[in-house]
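The values are calculated or read from the model by the stated rules, or taken from the named source; none is laboratory data. Predicted, not measured: the structure shown is a model, and the values here were computed from it. Methodologically, a virtual Cβ is constructed for each residue, glycine included, from the backbone with ideal geometry; neighbour enumeration extends over all protein chains shown.
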Amino acid sequence: MTSQRGFTLIEMAIVLVIITILIGGLAVPLSAQIQARRIAETNKTLEEAREAIIGYAMTHKTTTGNKPYLPCPDTNGDGIEETRTAHKCPQQIGFLPWVTLGAGAQDAWGNRLLYATNTDVSNDDPGFGNSVIPVPSWNQICSSHTCTTAIAADVPVVLVSHGSNGWGALNVNGNTLAAPSGQNEQENQDGDNRFVSRIPAKPGDPNGEFDDLLVWIPYYIIFPRVCPTGCL
């Protein structure tokens, strides 16, 4: 009669170790795929918001002079642009007014997008046109917080997603997440007109972790779109 032999505890332990290693090896690529998909979704949301801002300017013109102007930032996270006082926005940096624009409300990590513009192009009187010339007081895009060299200068519109770590972002529940410790991500939240766009950096980088995603609209791109025949 043939005897049957089962697995010993040692053999079962070896099998479990092998299975654990295999699952662990699959989990890393899966998490990387999920992260890549979220980055792609956020970049798409940013590009759609960019087009929505241009569309706003094409459909909003001053009562005198028929000149375009850009939306005001949202300051409380409700998605509605703030009301102008004496034709000026209360502030030039805030959240994307996604309700006003009919744009995406958040990035792929559930955080609001930052939106920055400037008074010269967001005033609803006189609006902007041929006489408005980009100046250094407009937004600057740099490769580091020191901003020794600008990637893009005198930019009228900047949009920022605070990336997967979400540091400093306002999430959809109305909570502000922990402030970033890295100097480059801090630059994107300090309220001035300088922003950093660079390759991602992992924790331990001399200037801190960085995973912010940015898009912007140069003046030479937006002006011919909203003023195809000029805006005197």
Practice task
Scan the stretch 148-164 for residues that are closer than 20 Å to N207 by Cβ, in contact with a helix residue (DSSP H, G or I) (Cβ under 8 Å, 6 or more places away or on another chain) and not small (G, A, S) and jot them down.
Solution key: H162
Practice task
Search the stretch 21-46 for residues that are modelled with pLDDT of 90 or more and among the polar types (S, T, N, Q) and pair each with any residue that is exposed (fewer than 10 other Cβ atoms within 10 Å of the Cβ) and outside any helix (DSSP H, G or I) when their beta-carbon atoms are under 6 Å apart and the residues are at least 6 apart or on different chains.
Solution key: none
Problem - Positions within the stretch 211-232 being buried (at least 18 other Cβ atoms within 10 Å of the Cβ), aromatic (F, W, Y) and in a helix (DSSP H, G or I), in sequence order - result: Y219, F223
Handout entry: G65 vs. criteria modelled with pLDDT under 95 and not in a helix (DSSP H, G or I)
Key = yes
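What residue, of A116, A105, is within 28 Å of N43 (Cβ to Cβ), touching a helix residue (DSSP H, G or I) at 6+ places or on another chain (Cβ under 8 Å) and among the aliphatic types (A, V, I, L, M)?
The conditions single out A105.
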Problem - Selected residue [out of contact with any Phe, Trp or Tyr (no Cβ under 7 Å at 6 or more places or on another chain), crowded, with 23+ Cβ neighbours inside 10 Å, of a type in the set (G, A, S) and not in a strand (DSSP E or B)] from G168, G174, G163, G208 - result: G163
Practice task
Look at E48 and say whether it is surrounded by fewer than 18 Cβ atoms within 10 Å (Cβ to Cβ), closer than 21 Å to F195 by Cα and of a type in the set (D, E, K, R).
Solution key: yes
Exercise for the section: Report, by residue number, each residue of the stretch 124-151 that is polar (S, T, N, Q), assigned to a loop (DSSP other than H, G, I, E, B), touching a strand residue (DSSP E or B) at 6+ places or on another chain (Cβ under 8 Å) and within 16 Å of N188 (Cβ to Cβ). Expected result: S143, S144
Fill in the blank from the handout: Residues of the stretch 61-111 being surrounded by fewer than 20 Cβ atoms within 10 Å (Cβ to Cβ), without any contact (Cβ under 8 Å) to a residue 60 or more places away in the chain and touching a Lys or Arg at 6+ places or on another chain (Cβ under 9 Å), in sequence order, are G79, P90, G104
